[in-house]
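The values are calculated or read from the model by the stated rules, or taken from the named source; none is laboratory data. For clarity, every value in this text was computed on a predicted model and none was experimentally measured. So basically every Cβ, Gly included, is an ideal-geometry build from the backbone, and we count neighbours across all protein chains shown. These area figures cover heavy atoms from the full protein model, side chains too; ligands, DNA and RNA do not enter into them. Shrake-Rupley method; radii C 1.70, N 1.55, O 1.52, S 1.80 Å.
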Amino acid sequence: MPRIRFWYLPYVAALALTGSVLSGVGASGAASDPKVPHPVVRQPTVTQQTLVRTGSVNLAALAHMPAPARGHLGPELPPNHDLAKGAAGLQPAGTLPPPSPPSSSVVLNPARRGFAGLDHADQRLAGGGNQFSFEPSDQGLCVGRSAGTNYVVESVNDALQVYDTHSHVYTAPITLSSFYGLPPLYDRTTGKYGPFVTDPKCYYDPGTHHWFHSVLVYGRDPNTGALRAHAYTALAVSQTSDPLGAYYLYRINGVDLNHANCPCFGDQPLIGADQNGFYVSTAEYELLPDFGAHFNGAQLYAMNKRALESGTAGRVIHYSNVTTKSGTLQPATSPGGQYATAAGGTEYLVSGRDTLLPDGRLRPGQVDHVTVWSLTHTSRLQTGGVPRLQSAVQKTEVYGQPVPMTQRAGFRPLGDSGAVAEPLPRLSSDDERVNQVVYAAGRLYTGVNTIIAPGPRTGIGWFIITPSVAGGTLTSQMHGQGYVAAAHANVAFPSIGVNTQGKGVIAMSLSGPDFYPSSAYQRITAAGTVGRIQSAKRGFRPEDGFTCYQAFGGNGVCRWGDYTASVAGPGGAIWSATEFIGLRARTYYANWGTFVWPVTP
């Protein structure tokens, strides 16, 4: 199965939501290239729910919570596994062959600016140490402005921290549990388990100057940690432009008892926004009795952005039965607040073919298309109406399931210890799902992981797509596409951040026989990639965390950052953050860190 959370799973009462099916909403599959087979069109089921506001939190009140000194962790429990079970390696005969693009050497000049962000020890010791050891870190980065200061908010599994763009730190690492008003993940004094929190995302809205944050929450028995039939997407929305101020807290039910093989949970919430709405998409999997065994496809939730910001909550429009071809339906964000205004307001989305079968396993082989989506008449979110969802298949270059990434050998105190004694592991590059989409200057920018030859090894496929809604019909055209491939190395987990002119970077992870896991980027414009791959921050040691090893339930492939982040900041720079291996993050179970850096387009 793909990136399903395999760690301990939380408690928290699910919302008892009732919704009536709404009419007048359809999906079309107008293909933008006649060579692409027209997909079977599924009419989405659309229901309306009442969004529940659960309270509020003031970030400033949490900003100075003490943490134990490094090296004093207290009683340690088995770490939380986040293992990917999917196909890997070369694909079966009879499919499209893996691409074999030209390779770029890597420029080893580090970023002129930038700073080490949150690392494993930071999150493990946050909240008085009532945390678990986690892999991977994931990355929720957003950058915005308030009262003359440009702020950087970084979130990982399972903490957040606030800086300014000069790397001044405004908070100690804050647990995501405390930010959402939840009990600790594990109270080491009482022995009680709290809800399990994961998959952070963050967004600063340039149109309204508010901050949005999301996580997935599972329910757990407080005494045993066993899974309970409760799961939801939690949202935090700032009440002002100040990221250190007060936030409204909301929950979107993910149990969906009326769906097949449920109670369910919405894996990896993905977020986006236009001038009218805020959007969340999840991948729905069976929660109980067989965790992750069945996949119900992508779920899309649309909300009135200003209602969220004012604390009035309002409605949630839930689009289900949308697609089972992809677990990722990624909404777009727009730098500078230059949203798509056609058809009463339009939010664009993109899904790759991350090859999911109904049982949640990855489908092997390569493909040559993505799907572009439009949610039109988003102004209806403010007036009680329902936006219309459409889709169009877009022909692309070939891409497919990536392979685990090699890494440079080096000092591994966990892997070389007598308790483990296992060989140098590789890094998971997960699957080829779309994980960030930006709408800028009338075009959609996005990318995917892909297998590339020779090797095989992992590279990146990128796409610049021009969408259009005219006469009520969605169409799209490929403006530009290509690959990012590192010579004798791997690059993965692309996030494209561009400004309003479509100039920016593709942020990525870099790893290979000559590279410890590192942070890297390549410049991009509307005309395509520019120059060579740049190393923003070189790693110092191999990835040496618990998910790498059979001794802890692994299989020789480490969980690596499921996603990176790259966003246009208010000062003109593109800010990015990825996972890398630094020198100060080591605890017994893990050693990952993050690096945050700007690039001027």
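Hey, what's the chain come to in accessible area per residue, 1.4 Å probe, Å²?
32 Å²
Can you compute the helix-only [θ] at 222 nm over the chain? Use -39500 (n - 2.57) per DSSP H run of at least 4 residues, normalise by all residues, nearest 500 deg cm²/dmol.
Roughly -500 deg cm²/dmol at 222 nm, from the helical runs in the chain.
For segment 91-226, what size does the Cα cloud have along each of its three principal axes, sorted from largest down, in whole Å?
Here the Cα extents, ordered largest to smallest, are 57, 53, 32 Å.
Enumerate the whole-percent occupancy of each 10 Å bin, from 0 to the last occupied one, for all C-alpha pair distances of the chain.
Whole-percent P(r) values from 0 Å outward: 4, 19, 31, 30, 14, 2, 0.
From the mean inverse distance of alpha carbon pairs (Kirkwood) and the Cα radius of gyration, derive Rg over Rh for segment 207-309.
1.04
Once you keep just the Cα pairs under 8 angstrom separated by 6 or more residues, what percentage relative contact order results for segment 358-511?
RCO, segment 358-511: 20 percent.
Per residue, what volume in Å³ does the convex hull of the Cα atoms of segment 177-262 enclose?
Spread over its residues, the Cα hull of segment 177-262 gives 108 Å³ apiece.
Distance in nm between label sites at A409 and V530, each 7 Å beyond Cα in the beta-carbon direction?
It is 4.1 nm.
Calculate what fraction, in whole %, of the accessible area of the chain sits on carbon and sulfur atoms when a 1.4 Å probe is rolled over the protein chains.
Solvent-exposed carbon and sulfur of the chain make up 53 percent of the total.
Per residue of segment 544-554, in order, report the coupling 6.51 cos²θ - 1.76 cosθ + 1.60 (Karplus, θ = phi - 60°) as ³J(HN,Hα) in whole Hz, putting x for Gly and Pro.
These are the phi-based 3J(HN,Hα) values: 9, x, 5, 6, 6, 10, 4, 4, 10, x, x Hz.
Highest mean first, what order results for 273-279, 289-295, 183-189 on Cβ atoms within 10 Å?
Those peptides, ordered most packed to least, come out 273-279, 183-189, 289-295.
For segment 172-321, with only Lys/Arg (+1) and Asp/Glu (-1) charged at the beta-carbon, what is the dipole magnitude about the Cα centre, in debye rounded to 20?
That gives segment 172-321 a dipole magnitude of about 300 debye.
I'd like to compare 249-255, 381-387: which one has the highest average count of other Cβ atoms within 10 Å, and what's the full order after that? Please list the in-between numbers first.
Details: 249-255: 22.7, 381-387: 17.6.
Listed from highest to lowest mean packing, they are 249-255, 381-387.
Per 0.36 nm of contour for each residue apart, how much would the distance between S56 and D290 grow if the chain were fully extended, relative to their Cα-Cα spacing?
So the chain would gain 80.8 nm between S56 and D290.
Based on Cβ point charges of +1 for Lys and Arg and -1 for Asp and Glu, what charge dipole magnitude is obtained for the chain about its Cα centre, in debye rounded to the nearest 20?
700 debye
For a quick protection proxy, order the peptides 46-57, 226-237, 308-319 by their average other-Cβ count within 10 Å, most packed first.
So the order, starting with the most tightly packed, is 226-237, 308-319, 46-57.
Can you tell me, using C-alpha contacts under 8 Å and at least 6 residues apart, the relative contact order of segment 413-481 as a whole percent?
That works out to 19 percent.
Just check segment 424-533 against the gyration tensor rule for me: Cα atoms, a ≥ b ≥ c as the square roots of the eigenvalues, rounded for a/c under 1.5, and otherwise prolate or oblate depending on whether a/b exceeds b/c.
Prolate, because a/c is 1.5 or more and a/b exceeds b/c.
Sequence neighbours fewer than 8 away in the same chain don't count; with that in mind, list the aspartates and glutamates whose C-alpha is under 18 Å from K192.
Reachable aspartates and glutamates: E76, D158, D221.
Once the dipole of the chain is set up with Lys and Arg at +1 and Asp and Glu at -1 on Cβ about the Cα centre, which of Q123, G365, A421 lies farthest towards its positive end?
G365
Compute the relative contact order of the chain as a whole-number percentage, counting only Cα pairs closer than 8 Å that sit 6 or more residues apart in sequence. Working shown, then result.
Values: 1945 pairs, mean separation 102.0, N = 601.
Contact order relative to length: 17 percent.
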